[in-house]
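Each reported figure results from applying straightforward, stated rules to the coordinates on display, with no laboratory input. Since the structure is predicted, the reported quantities are computational estimates derived from the model, not experimental observations. Glycine gets a Cβ as well: all are built from the backbone with ideal geometry, and neighbour counts include every protein chain shown.
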């Protein structure tokens, strides 16, 4: 069998490449009815993701363990899937104060593929394997492959090579779990969203499901690593005026101090929100706040309790 016929047969069997009976006549419908069909199909996505929560939980535990031990979470994908990985990774430093590179995204065809499709870049396993090697993946890291079809050669190559190098591996796909064929992966997350409204347009339901899963993994991992106090981000990087003002508001909400006092303590703490909070809540200076946070593994609530328990 030729490679072309093999690919044809593989695609023909994928759920994401089937026709959706609810949108068969979409080209005959007025705008309002088209929108209603898309919206009705989109409503099914959270329920598909909900069924995968036990597997997402396993993934989070693996990621937290890796990040705490100096490892990284690295996404590898192509097309929409690759872009979603890059976006999720790029949002972690400003949101949670993670060091650049701790969570990173790689897309078939390189960074230029974020803005213009690099056709053919996803067709070779060696491209994914080479990107894994270039990223210096090792046993401390977690590599997460993202592919709606679960057959993308670039992603399969990346995951296989990562496993060979001793890294933990995850895989996010929107085809059924029973169709999953990468046995070497540690955790597969397979929200089954069914055929797209437009056949094969996996930027729609599949992309939305993948986005939800990636958000869940990184957000939950960050909470587990002390990046929040209650439900507020407290390790954000103040890279613009909006984030500076958000930091002041967070300090005010948690401690009850005025705008001026929040600004004063943020200045004293070099605009490190966690330290400012400990300084105010535990009535300590910046140096002691830093020591308490270190003892508390970065958890503000625990750092405050450590000081209060001394009294």
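Would you please give the FRET efficiency between residue 283 and residue 65, computed as 1/(1 + (r/R0)^6) with r the Cβ-Cβ distance and R0 = 25 Å, to the nearest 0.05?
0.15
Compared with the alpha-carbon gap, the fully stretched path from residue 134 to residue 241 is longer by 34.9 nm at 0.36 nm per residue. Work out the P(r) tail for region 1-154: percent of alpha carbon pairs separated by more than 24 Å, whole number. Every Cα pair in region 1-154 considered, those over 24 Å come to 49 percent. Using only the C-alpha atoms, the convex hull of the chain corresponds to 164 Å³ per residue. Rounded to the nearest 10 degrees, the angle from helix 53-68 to the longest Cα principal axis of the chain is 50 degrees. Gain on full extension, evaluated as 0.36 nm per residue between residue 124 and residue 28 minus their Cα-Cα distance, stands at 30.7 nm. Largest GNM mean-square fluctuation across 141, 297, 235, computed for the chain with C-alpha springs under 10 Å, falls on 297.
For the pair residue 20 and residue 184, a Förster radius of 45 Å applied to the C-beta separation gives a FRET efficiency near 0.90, rounded to the nearest 0.05. The gain in end-to-end length when the residue 294 to residue 53 segment is fully stretched comes to 83.6 nm, 0.36 nm per residue minus the alpha carbon separation. Along the Cα-to-Cβ line of residue 87, 7 Å from the Cα, sits a label point; which residues in region 200-229 have backbone N less than 19 Å from it? Under cut-off, by backbone N: 200-220. Note on residue 100 and residue 268: their simple-model spin labels are 3.2 nm apart, each label 7 Å out from Cα toward Cβ. Distance between the C-alpha centres of region 33-48 and region 95-145: 31 Å, rounded to the whole angstrom.
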